[in-house]
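The values are calculated or read from the model by the stated rules, or taken from the named source; none is laboratory data. These numbers were taken from a predicted model, which means no experiment stands behind them. As a convention, Cβ positions derive from the backbone with ideal geometry for all residues, glycine included, and neighbour counts pool all protein chains shown.
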Amino acid sequence: MSIDAAAYGTVASYGAVAAYGDNSPIAAFATAIGNSALTLIRCSGKGSIDLISPLFAPQKIKDAQGNTVIHGWIVLDNEKIDEVLVSVFRAPKSYTGEDSLDICCHGGPAAGRAIMSALKSAGFRNALPGEFTFRAFTNGKLDLTKAESVMELVSAKTETGRRHAVSRLSGSLETEINEIKKTLVELLCGAEIYLDYSEDEISADADEADGKLPNQETALAALARLQKLSASWQIERIFQEGVTVVIAGRPNSGKSSLFNALLKEDRSIVTEIPGTTRDWIEAWVFVEGIPVRLIDTAGLREAADSVEKLGVQRSRELLKEAELVLYLIDGAQGVTKEDTAFCVGYNAAEYNATENAQAQKPLLLLWNKADIAPLPQNFEFADNKTVSVSAKTGEGITELFAAIASAIQEQADCQLREMPTVAIGTERQKKLVDTACSALEEALALAEREEPLDLIAPLLREAVNALGEITGEVSTADILEEMFSRFCVGK
């Protein structure tokens, strides 16, 4: 959601007068400012119901019961501002856990800004980004996994992303993390029992406990659950952020026509003149529920024209960024030496460099213009899967969508339709799960070597603390401010 500077000011200006963690009354637009039927303004904080009461006529809001809706007018200096509906929520039965109000007024920028001005004159201040959800967290209404899922839900691009965010908002991740943490706390307690003995009390049994992690099978089971959570981010990221798919090929092979066919609209200029596309163009398309950033590029060839040369150079740079490449072969001309050179050299580091040396970015070969030049039987080329398509007639487009989804599935090394019941939803959660995994793996390795428990126990505590940080049980003001400042204003 974009922030209207005139209505809100800047985040920097907030810092001089307000900070996360106070309980002063706050107000913010909960809907985007613009032409619409209705606008929603959210208010919260100690005394907020009493503050708004002088602005409301004819009824007194301060006498209203919680969870009720009241009709009336916002009035300032005996002038009617707008006719509104006000939803009243009394602490602790509200989103923030404080006294809160949702003002539903007429849409359009003028009415909303006038009401915001009246609220500020009554004693409300502008809410910081994410401050309503921050207060919900600090007042015990949400843990951090649920708080983060609120923003995931607001920004969800796909139905799958929405469902996964709702699952976390319903507490699935919080429950899983707390169950694993409880197991590790029990293991830690078992280890520290021996460490709490004085030297005189240490028995032979305690000596024998060195290097033997209490209930080691339970520790291994907890590690397996953590590893499954960590792996879930690889797939969850696909549904949240999508994948970059680049269309490449020689000039006039049909790249722009294919781009338009996949989008089902004319976005790229298509002519019979080779080299028409001088620069890249992109658009978002959904492939079986997966957001795909689709990029049409300039044809790959040795260009003499300086402008086209820049386009070809940019195309090669995009190929390095791509997570999947669709390479078009012009079926009317067949495989050329340029096609061979590209496909044979694709797996070289120039295009296919990844952080994981074992991983390779997938390449799909597309035999285009199949309407006039069908794919030869038993066609094999460069050990890559080939899909027969006609960008002009739409032949093979359905099969291409399936092939793209399959390639993404293989890249994620998991069945997209078999997502884990519980998955992590943010990179912050992924890093902390990995921290817990590493600490527990090291603890188990030390136990395997029969190292003393006083070396193992701190690692178990590190894992417990990392899991506590995921839910917010362990947190610092700096971490919380950094996280909630990324939310939209009014949430």
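Select from region 107-149 the residues that are touching a Pro at 6+ places or on another chain (Cβ under 8 Å) and of a type outside the set (D, E, K, R) and write down the one among them that is farthest from Ser172 (Cα to Cα).
The qualifying residue farthest from Ser172 (Cα to Cα) is Ala122.
Which residue, of Lys182, Lys157, is at negative phi, at pLDDT below 95 and buried (at least 16 other Cβ atoms within 10 Å of the Cβ)? Don't jump to the end; show me each part of the working.
Working: Lys182 fails: buried (at least 16 other Cβ atoms within 10 Å of the Cβ).
Being at negative phi, at pLDDT below 95 and buried (at least 16 other Cβ atoms within 10 Å of the Cβ) holds for just one of Lys182, Lys157, which is Lys157.
Restricting region 375-408 to residues that are part of a helix (DSSP H, G or I) and of a type in the set (Ser, Thr, Tyr), which is nearest to the chain's Cα centre (by Cα)?
Within region 375-408, the subset part of a helix (DSSP H, G or I) is 397-408.
Next, from what is left, pick out any that are of a type in the set (Ser, Thr, Tyr): 398, 406.
On the way: Thr398: 28, Ser406: 22 Å.
Only one residue fits best here, namely Ser406.
Go through region 285-328 and give me each residue that's among the acidic types (Asp, Glu) and either in a loop (DSSP other than H, G, I, E, B) or at pLDDT 85 or above (or both).
The initial filter retains those residues of region 285-328 that are among the acidic types (Asp, Glu), namely 288, 296, 302, 305, 308, 317, 321, 323.
Within region 285-328, Glu288, Asp296, Glu302, Asp305, Glu323 qualify.
Given the residues Asp200, Asp279, which is the only one that is part of a loop (DSSP other than H, G, I, E, B), of a type outside the set (Lys, Arg), modelled with pLDDT under 60 and assigned by TED's automatic domain parsing to the domain that holds Leu364?
Details: Asp200 fails: assigned by TED's automatic domain parsing to the domain that holds Leu364.
None of the others qualify; the one that does is Asp279.
Does any residue of region 44-51 turn out to be surrounded by fewer than 20 Cβ atoms within 10 Å (Cβ to Cβ), modelled with pLDDT under 90 and closer than 17 Å to Ala122 by Cβ? If you could, list the steps in order and put the result at the bottom.
Initial filter on region 44-51 (surrounded by fewer than 20 Cβ atoms within 10 Å (Cβ to Cβ)): 46-47, 50.
From what is left, the residues that are modelled with pLDDT under 90 are none.
The answer is no, given that none of the residues of region 44-51 is surrounded by fewer than 20 Cβ atoms within 10 Å (Cβ to Cβ), modelled with pLDDT under 90 and closer than 17 Å to Ala122 by Cβ.
Is it the case, given these coordinates, that Ser87 is at pLDDT below 85, in contact with a strand residue (DSSP E or B) (Cβ under 9 Å, 6 or more places away or on another chain) and not in a loop (DSSP other than H, G, I, E, B)?
Working: at pLDDT below 85: no; in contact with a strand residue (DSSP E or B) (Cβ under 9 Å, 6 or more places away or on another chain): yes; not in a loop (DSSP other than H, G, I, E, B): yes.
The answer is no for Ser87.
Is it the case, given these coordinates, that Leu128 is closer than 22 Å to Ala466 by Cβ and either of a type in the set (S, T, N, Q) or assigned to a loop (DSSP other than H, G, I, E, B) (or both)? If you could, list the steps in order and put the result at the bottom.
On the way: closer than 22 Å to Ala466 by Cβ: no; either of a type in the set (S, T, N, Q) or assigned to a loop (DSSP other than H, G, I, E, B) (or both): yes.
So Leu128 does not fit the description; no.
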